[in-house]
1. Net charge near P290, counting Lys/Arg +1 and Asp/Glu -1 over other residues with Cβ under 12 Å of its Cβ?
2. Check each of the trypsin sites (Lys or Arg not before Pro) in the stretch 187-295 and keep only those in coil by DSSP with at most 14 other C-beta atoms within 10 angstrom; list them in order.
3. Given 0.36 nm per residue, what is the gain on full extension from N319 to N239 after removing their alpha carbon distance, in nm?
4. About its Cα centre, what dipole magnitude does the stretch 10-245 give when the only charges are +1 on Lys and Arg Cβ and -1 on Asp and Glu Cβ, stated in debye to the nearest 20?
5. Sorted from largest to smallest, which semi-axis lengths in Å does the alpha carbon gyration tensor of the chain give for its equivalent ellipsoid, taking the root of 5 times each eigenvalue?
6. Which of I158, P45, I129 sits farthest toward the positive end of the charge dipole of the chain, with +1 on the Cβ of Lys and Arg and -1 on the Cβ of Asp and Glu?
7. Determine the calculated [θ] at 222 nm for the chain from helices alone, applying -39500 (n - 2.57) to every DSSP H run no shorter than 4 residues and normalising by the residue count; nearest 500 deg cm²/dmol.
8. Give me the distance between the Cα centres of the stretch 52-121 and the stretch 287-308, rounded to whole Å.
Amino acid sequence: MLWQEKQKRIEELSAYRRKVSRCEKEFDRSLARIRNLMTKLRSRPEQAAKEAQQLVDDIVESLLSQDDVTLHLMGSKTEFEDLYFHCLNVSILAMMIAKAKGMDAASIKMVAMGALFHDIGKAKIPSAILRKATVLTEPESNYLKLHTKYGKDIAIAIDTLPEEVITVIEQHHELLDGTGYPNGLKGKEIDAITQIVSVANAFDNLCHHQNPAEKKIPYTALSYLYKKGKQHYNNENLNILIKYMGVYPPGTVVKLSNDMVGLVVSINSGSLLNPNVLMYDPTVPKLQAPIIALENKDLKIESVIHPERLPEEIREYLNPRARISYYFEEQAN
């Protein structure tokens, strides 16, 4: 009986790892497609827009083919620039919000296109500003804010880019209370699609702030948005993001009720309190680390641990990502 139990666990783990591997391949493929189209943006903008539309069609079709969405934490690849990760992350999260709102496929695609292109103006900002790891001076900060104007200028020159996408590019830093930029718009003056993208963008920016002192783990980023973001962001969109990321978003290091430590690696929208957790077990090689589905166990999460407070051997084993990226599981055909 014990042997059968062990076999069952091994099979479940293998099936889970196969799912994640499929997911990572899709994620990498999408990143490569984004890199491809972004590099074409200057020389062949119409072609870039066409490829973006194709990518969005593929992802949305996959997203709409499933009732519950499972979000997986992705491994970090170094050959892609931060901007590509950011565009894809914001697109995935914005699509998830749009789907939860019951939007139709055409509207979700518009959300995804807006998210994909929202930061194209950063191509005209000096990389010394984009990559600066300390607080920006006021002139630098003002220069960075110009990316919304530069982005709009680039986008207007692309005939096939829908008006809604151009609006997202211009408005994604506007805030409901009028304290955003470039135009200090308020409430309903901010386009509805933009309001979805700006929530996803705010979350990803908090997790990947260029200044390490400002960077937050996903768990803290969500609670920060919950406490401080209500006057800035559409509350329905904010609540959906918080709900679908779960109490313990993928990428969170947790301590369980049996005192073991683990890394949340995926979450299913049908069972938000019971994520899958990769466990630290020094008796098992790192690549075979057990992954447990909390809904099948009598375990619960007791607390969240900041990765920097982990002993080195646990941190090395669990490998909490410096860059938090998500992709959703595609239904196997």
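What follows is calculated from the coordinates using simple rules that are stated; it is not laboratory data. Everything numeric in this text was worked out from a predicted model, so none of it was measured. Glycine gets a Cβ as well: all are built from the backbone with ideal geometry, and neighbour counts include every protein chain shown.
1. That works out to +3.
2. K230
3. Value of the extension gain: 25.9 nm.
4. Dipole size: approximately 540 debye.
5. 35, 22, 19
6. Farthest along the dipole direction, towards plus: I129.
7. -16000 deg cm²/dmol
8. When both Cα centres are located, 27 Å separates them.
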